[in-house]
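Please treat every number below as a calculation from the coordinates, not as lab data. Everything quoted here is computed from the prediction, not taken from an experiment. As a convention, Cβ positions derive from the backbone with ideal geometry for all residues, glycine included, and neighbour counts pool all protein chains shown.
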Amino acid sequence: MKRTGILTGIVLSIFFAGCDIVESPYLETDTPVWNGRKILILDFTGHMCGNCPSAHRTLSQLQENYPEAIVPIAVHCGYFGVVATSNPNQPYHYNFNTGVGLELGGNGFTNYGYYNIRSQPIGVVNQLIPEALSAHDAWAGNMASYYSLFPEVQVQITPVFDESDSSINLTIDVTAQIVSTRNLNLAAYITESHIIEWQMDYTQSPSNVQNYEHNHVLRGSFNGTWGDAINTANAAITRNQKFTKNYSLKTGTDWVPENLSVVAFVYDSDTKEVLQAEETHVIE
Amino acid sequence: MKHFFVVPVLLVLGFNALAQEQNYGQITGNFQADAQYYITDTLIGASSPAEKTMLNSYANFIYTLGNFSAGFRYEGYMNTMLGFPNLGGVNDGIGIPYRWATFSNNQLEVTAGNFYEQFGNGLILRSYEEKQLGYDNAFDGIRVKISPYNGIHLKAIAGLQRFYWQKGPGIVKGVDGDFLINEIFSGIRDASWQLGFGGSFVTKYQKDEDPIYDLPQNVGAAAGRINFSLAGFNLISEYAYKINDPSSDNGLIFRPGQALMINASYSRSGLGIILSTKWVDNMSFRSDRYAIGTDLHINQIPEITKNHAYSLTAFYPYATQPKGEWGVQGEVFYRFKRGTALGGKYGTALAVNFSRIQNTQQTQVDEFTPIGARGTYGYNTAFFSIGDSVYFQDLNIEFAKKWSSTFKSTFTYQNIIYNYNVLRGTADHETVYAHCAVADLTFGISDVLSLHTEMQALFTQQDKGNWAMLMLEFSIPNWFFTIADNWNYGNADPTYRTHYLMGGFGYNNHGNRIQLSYGKQREGITCVGGVCRAVPASNGIMLTISSTF
């Protein structure tokens with residue numbers, strides 16, 4: 001019996017010898033090099049999604065670790081994003097939905113949007129294709145695959161807030177860093193942070209949290225869901241070639257200008273890969 | 001996916017032609033198509049997608065010639081019916097996701113291509129498909145089975161798992177051995193007792209791309225099992241251990257996992273007794289650490305709760321909790337002899353089943369680290385610790401009696417405790433306490449006409465309140481006609497005291513079946529073997545066509 005036990009122990013030791021037992025503190029020791037490429041993360045969320053705050057915390061952790069590289073957008077949509085009541089004194093009365101958000105993620109009842117959102121939280125990192133949807137725990141790894149790449153284009157946003165009519169006038173310069181023939185699109189969204197509203201959070205008790213801080217909330221777009229084409233027909237792009245676009249948007253009545261940001265991103269309209277993203281506060 | 005199509009079709013067509021001309025080999029298979037036309041019904045929350053009609057279909061073709069067999073499965077989702085896993089539209093499409101070839105003789109079996117496999121009780125490896133759930137974690141790779149000596153059966157596998165029309169990112173490899181002592185030692189082959197041992201080891205490799213945490217790329221799991229029987233007594237037990245495997249399931253914690261299951265049973269003529277227990281901690285094991293839902297499971301923790309068939313007794317089904325659970329189940333089945341007072345002329349059967357599942361006890365690893373904190377050891381727990389929280393309890397009694405040559409009945413009572421928050425992933429829902437009663441009666445009206453009725457009632461003060469159901473099914477040879485009404489008469493809000501009426505008919509002959517129905521289906525959850533999927537409310541027309549050949 002003793003011999004059998006020893007033999008079993010030896011066999012298991014051989015098997016497990018090829019496995020990776022990680023010791024505390026469980027952290028990577030290598031710090032990746034950042035070369036200026038900013039990474040867009042679309043977080044498909046909803047105020048009645050009790051597991052979604054876990055994804056919000058994942059985004060916060062990524063922003064803490066890589067403050068210069070992460071450009072997040074919280075897209076409220078789907079089954080958990082519906083307005084539960086018209087009574088402003090009741091939970092989940094606030095309408096976070098936008099036309100862009102519903103086109104991307106659907107309303108969860110009659111359509112599921114471009115991304116076919118069937119469960120939340122879920123998101124995409126730098127990819128505008130449904131097949132790239134992943135759980136929030138995967139976002140760090142997905143981000144890392146872009147983090148050290150050199151940006152093919154640079155995006156500069158210059159917003160001007162006009163108090164007289166509460167509009168934002170925008171100039172976006174896209175400058176090519178390398179020679180290419182990619183077909184490019186430029187999309188410009190508006191987001192708002194520090195919105196205090198109801199959020200279901202299953203890590204809290206009670207789970208209906210009244211004063212939850214919603215950040216990076218998608219409010220709308222300057223140029224539609226998919227933006228404007230800035231290079232088509234695989235035309236040759238030279239290094240330092242600049243594309244300039246001007247846009248204007250009237251802000252919503254309950255938007256707080258100091259909390260607004262413009263997010264602009266350039267993507268390859270064939271592969272749907274986001275090549276560069278940028279975020280700028282409307283009022284610095 | 002499309003490039004898989006041509007080769008297997010040509011292969012089977014070629015073999016088919018050969019088989020017909022020279023009478024070599026045999027082709028068998030089956031086919032099923034389920035289609036639904038959806039109608040919007042805002043009262044029950046039923047939606048109509050842009051496609052209006054959605055279709056799930058599949059067909060298996062298997063060719064066998066002596067020691068050789070090969071086959072493939074066509075699948076078509078145009079588009080995937082609502083409620084089936086399809087995040088990002090990943091399941092939509094048509095193609096051949098499953099094709100394989102096997103050669104076997106007395107000592108060796110080799111399979112190349114797709115296959116399903118189970119090691120022991122599935123604690124560290126079980127791949128299977130369940131169309132009702134939209135579940136398929138088939139391997140694509142190679143499998144070798146060897147029997148080098150009487151009573152010794154060895155298996156080795158390597159492959160990637162199916163992820164809808166793609167494959168998961170993890171490479172899975174495993175070995176398994178079964179050692180049947182009474183066959184190995186010929187002197188005890190005819191002993192009154194039988195003893196067997198088994199062991200398995202499985203490893204998965206997935207690249208670590210996380211820039212923050214040092215995630216294990218090679219995760220191993222091992223299991224050992226025993227099977228002993230004497231007269232009518234049988235004991236099956238298995239223990240499994242898995243090293244650190246941070247994943248979306250456990251919130252990226254680094255503690256290892258363990259599981260133990262024990263199943264003892266006794267049976268003799270007319271009597272059966274089963275006692276089972278299991279204890280599970282952190283045993284979710286997938287070939288993609290970030291997979292969610294029912295995707296890419298390498299293992300399956302066996303359930304020890306009863307799978308109910310009636311609509312209302314299955315209203316609150318148990319979903320296995322690989323993150324941690326302790327459970328116990330007992331069942332006694334007794335058949336009263338014919339001719340006795342309780343047995344009557346045609347016999348009577350009584351079955352009593354009880355199961356209860358609770359959480360495991362977890363404590364903080366230190367005073368600063370919350371339980372389950374990401375990027376930590378997670379928590380501490382003692383082996384076989386049992387917590388205070390009840391996840392599920394089911395006491396059910398089934399009494400079946402045939403009263404005459406034309407009338408038989410089954411009466412069922414069920415008492416349920418259902419921890420809604422744990423089992424449905426919510427936080428503030430009340431625990432559901434429910435009673436359920438079912439009368440299932442079958443009358444033979446004439447030699448060719450029979451009537452099957454089910455009267456069901458579910459009573460609860462929580463969730464959506466009381467339900468009643470009546471189902472009538474008339475059968476004549478090859479045909480059946482059904483009408484059923486699920487009525488939520490006890491809903492606290494009178495607006496939602498809805499009747500879910502459903503009517504239909506079907507034709508059955510020589511392995512072919514066609515069924516057409518129309519009506520409403522309530523929102524719920526369906527589980528098979530402890531694996532569940534949500535079923536959305538729907539209103540519409542359903543058509544099912546199936547055939548075996």
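Just rank A:ILE157, A:ILE6, A:ILE237, A:ILE178, fewest to most, by other beta-carbon atoms within 10 angstrom.
Ranked by crowding around the Cβ, least crowded first: A:ILE6, A:ILE178, A:ILE157, A:ILE237.
Out of every Cα pair in region B:396-549, what percent are spaced more than 27 Å from each other?
Of the Cα pairs, 36 percent sit more than 27 Å apart.
For the pairs B:LYS204/B:LYS278; B:LYS52/B:LYS173; B:LYS131/B:LYS278; A:LYS38/B:LYS52; A:LYS242/B:LYS207, flag any whose C-alpha to C-alpha distance is greater than 32 Å.
B:LYS52/B:LYS173; A:LYS38/B:LYS52; A:LYS242/B:LYS207
Cross-link candidates for B:LYS337: which lysines have Cα within less than 29 Å, leaving aside residues fewer than 8 places away along the same chain?
Hits, sequence-local ones excluded: B:LYS306, B:LYS345, B:LYS401, B:LYS402, B:LYS408.
How many angstrom lie between the C-alpha centres of region B:227-270 and region B:322-349?
One Cα centre to the other: 24 Å.
With an 8 Å Cα cut-off and a minimum separation of 6 or more residues, compute the relative contact order for region A:34-281 in percent.
Across region A:34-281, relative contact order equals 24 percent.
Could you derive backbone 3J(HN,Hα) for region A:181-196 from the dihedral phi with the Karplus parameters 6.51, -1.76 and 1.60 (θ = phi - 60°), listing whole Hz in sequence and x where the residue is Gly or Pro?
Here the 3J(HN,Hα) series is 10, 5, 7, 10, 10, 10, 10, 10, 10, 10, 10, 9, 10, 6, 7, 9 Hz.
Quick query: amide H of B:GLY344 versus all other amide H atoms, modeled in the peptide plane; which residues come in under 5 Å with a sequence gap of 5 or more or a different chain?
B:GLY339
Work out, in µm²/s and without decimals, the Stokes-Einstein translational diffusion coefficient of the protein assembly as shown at 4 °C, 1.567 mPa s, Rh from Kirkwood over C-alpha pairs.
43 µm²/s
Given 4 °C and 1.567 mPa s, compute D for region A:90-230 with the Stokes-Einstein relation, Rh being the Kirkwood radius over Cα pairs; round to the nearest whole µm²/s.
Here the translational diffusion coefficient equals 72 µm²/s.
Work out Dmax and Rg for chain B from the C-alpha atoms and quote the Rg first, both in angstrom.
Here Rg and the maximum Cα pair distance are 25.3, 77 Å.
Which whole-Hz couplings ³J(HN,Hα) result when phi for each residue of region B:117-126 is put into the Karplus expression 6.51 cos²θ - 1.76 cosθ + 1.60, θ = phi - 60°, listed in order with x for Gly and Pro?
For region B:117-126, the Karplus-derived couplings read 8, 9, 9, x, 8, x, 4, 10, 7, 7 Hz, x marking Gly and Pro.
Quick check on the exposure proxy: order B:THR313, B:THR340 from fewest to most C-beta atoms within 10 angstrom.
B:THR340, B:THR313
Could you work out how far the C-alpha centroid of region A:1-80 sits from that of region B:416-438, in angstrom?
Answer, in whole Å: 32.
Could you check which residue among A:GLY108, A:GLY141, A:GLY81 shows the biggest mean-square fluctuation in a GNM of chain A with a 10 Å Cα cutoff?
Judging by the Gaussian network model, the answer is A:GLY141.
As a footprinting exposure proxy, order B:ASP447, B:ASP214 by other Cβ within 10 Å, with the fewest listed first.
B:ASP447, B:ASP214
Go ahead and run the numbers for FRET between A:VAL33 and A:ALA235, Cβ-Cβ distance against an R0 of 35 Å, rounding to 0.05.
Efficiency, from the Cβ-Cβ distance: 0.65.
Please determine, in degrees from 0 to 90 and to the nearest 10, the orientation of helix A:52-65 with respect to the longest principal axis defined by the Cα atoms of chain A, where the helix direction is its Cα long axis.
90 degrees
How long are the semi-axes of the equivalent ellipsoid of region A:34-281, defined as square roots of 5 times the Cα gyration tensor eigenvalues? Whole Å, largest first.
For region A:34-281, the semi-axes come out at 30, 20, 16 Å.
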